[in-house]
């Protein structure tokens, strides 16, 4: 086990798990767990060593998201969304002095990054913006109606998408890194949801200003296709796997307890447990296959933008979001009333509610429609298995 994963496990088991129910009940930010991650230098994990970071890879972040997901899904989601933003800067900052200096600040201060990609009036399409940068003498101002900015008030900087100029079409987008000192957030909506309550994903009217050098020097379309989309589906898939893993762990513990009560008899839930274990194994295998696919793609020039990679990552999201609900549901049936209760060691209510968020954060219907378009351009897979 890597020291980073060991540190994340300690945060999960000793801090996140202890506060998970309160975070869920009060829909509050998991401050204790995020502080634990910051204290263990896990927020700057992806920052290259040349910029003062750990220089870790995406596989390390995926493993940590899975680990945290076993203890508190909200903590895992905050960590996952933060690392998606870090990955975008690391991969696309180029030689921009401001961006490189910001990475050093991130690593040194273990800054927490949020994002504002969705926009009111855009019908949930993050690849289309209404707001635009207003540039004057090397500086910009920006106003955005963002229906969702997760943990925005707790973040140290926000990555915001916008049209390049007021004359640009909606698809000509950039992404700009704005420290909180350059952002004003006016709350527009509250956050009272079924699950993932600790992400505090409220709506805001965002007003930002800064230097044009804060704009990532790569079109957002490329940032999204090469980094944001695949990394999102990998880290989300990992934390959903963590939810499913813990749910099945509780179901297994319940079946074992039942077996001890009646030696020599196979508990009623044992067969259902075996089926759920197979589903979990498939879910894990799909995640690892896509992780290897992405690691291979980032080593090539065109790989991260390949249609086949986009389809594979979309399918990972679709499959994982469906599997986590199925597995937690099976675990609930295995545990019966003990899983249904909120005051039981086998309680699965929080797991079930958090699992259902997977299909609606970036709608599965939207992803399926996108895959339908991509499938028309996808070549038949003629590659050998080995």
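Quick notes
- Tilt relative to the chain, helix 364-377 - C-alpha long axis, 0 to 90 degrees, to 10: 70
- Here the simple spin-label model places points 7 Å from the Cα toward Cβ, and for residue 120 and residue 296 these points are separated by 4.6 nm.
- What the Cβ-Cβ distance of residue 31 and residue 2 gives, at R0 = 41 Å and to the nearest 0.05, is a FRET efficiency of 0.95.
- Backbone N under 20 Å from the residue 221 label point (7 Å along Cα→Cβ), restricted to the range 169-187: 169-176
- Stretchable slack from residue 49 to residue 186, in nm (0.36 nm times residue separation minus alpha-carbon distance): 45.7 nm
- Relative intensity, log₁₀ I(q)/I(0), of the range 253-386 from a Debye sum that treats every alpha carbon as a point, q = 0.09, 0.14, 0.16 Å⁻¹: -0.40, -0.78, -0.91
- Relative contact order of the range 220-377, pairs being alpha-carbon contacts under 8 Å that are 6 or more residues apart, as %: 32
- Residues listed by number, the range 152-174, amide nitrogen under 12 Å from residue 205 label point at 7 Å toward C-beta: none
- Relative contact order, whole percent, for the chain stands at 16, derived from Cα pairs under 8 Å and 6 or more residues apart.
- Relative contact order (%) - criterion: Cα under 8 Å, at least six apart; region: the range 3-112: 32
- What separates the Cα centres of the range 217-281 and the range 1-26 is a distance of 17 Å.
- Degrees, to the nearest 10: 270-297 long Cα axis against longest axis of the chain: 20
- Relative to the dominant Cα principal axis of the chain, helix 73-92 is inclined by about 40°.
- Overall size of the range 120-237 from C-alpha positions, given as principal axis extents largest first: 45, 30, 26 Å.
- Peptides 262-271, 52-61 ranked from most to least packed, by the mean per-residue count of other Cβ atoms within 10 Å: 52-61, 262-271.
- Whether the range 1-66 is rounded, prolate or oblate, judged on the alpha carbon gyration tensor where a/c under 1.5 counts as rounded: prolate
- Each label point was placed 7 Å from the Cα along the Cα-to-Cβ direction; for residue 212 and residue 370 their separation is 3.0 nm.
- The range 3-112 - Kirkwood radius from inverse mean 1/r over Cα pairs (Å): 14.0
- Pairwise label distance in nanometres, residue 167 with residue 143, each label 7 Å out on the Cα-Cβ vector: 2.2
- Structural size metrics of the chain, computed from C-alpha coordinates, are Rg and Dmax of 21.2, 80 Å.
Quick note: the coordinates plus some simple rules give every number you see, no bench work behind them. All values derive from a computational prediction rather than experimental measurement. Because the Cβ atoms are built from the backbone with ideal geometry, glycine has one as well, and the counts that use them run over all protein chains shown.
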